[in-house]
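Each reported figure results from applying straightforward, stated rules to the coordinates on display, with no laboratory input. All of these numbers come straight from a predicted model, not from anything done at the bench. Cβ atoms come from the backbone with ideal geometry, glycine included; neighbour counts cover every protein chain shown.
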Amino acid sequence: MTDAWCQRVEAEWRLPVLRYVHRLTGDSSFAERVAREVFDHLAATSGLEAQSISARSPGAWLFERAAKIVRKDERATTNDGRDESIGGARAALGRLAVREREALMMREAGFSYEEIARATGIAADMVPDVVVRALRGFQGSYAGGRS
Amino acid sequence: MTEQPKGARDVHWGATAPNESVADGAASLASGHPPDELLLAFADRALAANIEEPVARHIAGCATCAASIQTLHALDDTFRSALRTIDVSEPAEWGLRGERPRRVLDGLSPRDVAESGRGSRGRSRVKAGFKSRSRTKERLSSHSGSLTTSEYATVVGPRTLVQSMFAGSPWIRWAVLALLCGATVAIGITLWRVS
């Protein structure tokens, strides 16, 4: 990957990646570490993988990498309770299945079903099914948590 | 690589070989109401034309499905507003607060937006009530360049219009101020002459 291309991608995608990780974990410094790691990985890619990333929107690839790092970390499912309203939303997110949570967040970020499918490993035609289930699950947990 | 229209979820159900979900969805149209996932894909503009058309026809004449779509949008809105409660704890230096996520354009295709610029189908589609006003506002803000000023003001409200004008380039800001000053002076001179 050329430096110029990586810089352009980072300029475009750094903030969405930060927000995605922050929403999943509620930890801004962790989000910054994940973003750094993801963009370093992007800069280090070469060969077929690099071609594949540059041929399509790199955003889905970046979100996929970020989600993989977050999955290994327990922040995504723990509720630190720093703030009741933040905790409520994060707790409701944490109660969803990993794929549901990621599909929902990626849809909210504007990705296509195909990109969501590629990043989460869900079959493309099942994405709306997963999203509907996730929206209902989220609503149930969030409304239940607030009442 | 084919350029996908922004705002349309680019997996088109029914565009490829028929699979179980599409067959189920299509069959459900013949036998009754489409399932919620089909309605969501419709609202996200992710259906292939050959599926979208019958679904649209069905929804147009079915209060139950129209209500189901409204319910899905309500769920979506709850989710979005819950996410905003997380976003308020973002560090200020990220500069993301209040910024809308990029490419959140689902439900309002570029065609709708372009047509809304001509004051036709797009805005009437919005007014038809598939989307709540706030969601519409969110989507149109990314495309405001293709709307006329009065149409943009109709959808987003005059206050937001003024805010967006002043958020633009400093030249626009100065031009607007100069116009306002000029108008004020002209009115003053006219009043002075009359009196």
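Below is a table of values for the structure above.
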read-out	value
Inter-probe distance in nm under a simple model that places probes 7 Å from Cα toward Cβ, at B:Leu191 and B:Ala60	5.4
Gained length - A:Lys72 relative to A:Ala143, 0.36 nm times residue gap less alpha-carbon distance	22.7 nm
Radius 12 Å from Cβ of A:Ala97, net charge of other residues (Lys, Arg +1; Asp, Glu -1)	+3
Per-residue mean of C-beta atoms belonging to partner chains within 10 Å, peptide A:113-119	3
Cβ-based exposure ranking for B:Leu177, B:Leu83, in which fewest neighbours within 10 Å come first	B:Leu177, B:Leu83
Residue list for segment A:111-125, given a label point 7 angstrom along the Cα-to-Cβ vector of A:Ser52 and an amide N cut-off under 12 Å	A:118-119
Per-residue mean of C-beta atoms belonging to partner chains within 10 Å, peptide A:103-112	5
Burial order of peptide ranges A:119-131, B:55-67, B:180-192 (average beta-carbon count within 10 Å, highest first)	A:119-131, B:55-67, B:180-192
Stretchable slack from A:Asp40 to A:Ala123, in nm (0.36 nm times residue separation minus alpha-carbon distance)	27.0 nm
Theoretical gain in end-to-end length, B:Glu53 to B:Leu180 [0.36 nm per residue, Cα-Cα removed]	40.8 nm
Per-residue average of Cβ from other chains inside 10 Å of A:128-139	6
Theoretical FRET efficiency, 1/(1+(r/R0)^6), r = Cβ-Cβ of B:Ile172 and A:Asp3, R0 41 Å, to 0.05	0.75
Relative contact order computed over chain A (Cα-Cα under 8 Å; 6+ residues apart), in percent	22
Per-peptide average of other Cβ atoms within 10 Å, ordering A:15-27, A:51-63 highest first	A:15-27, A:51-63
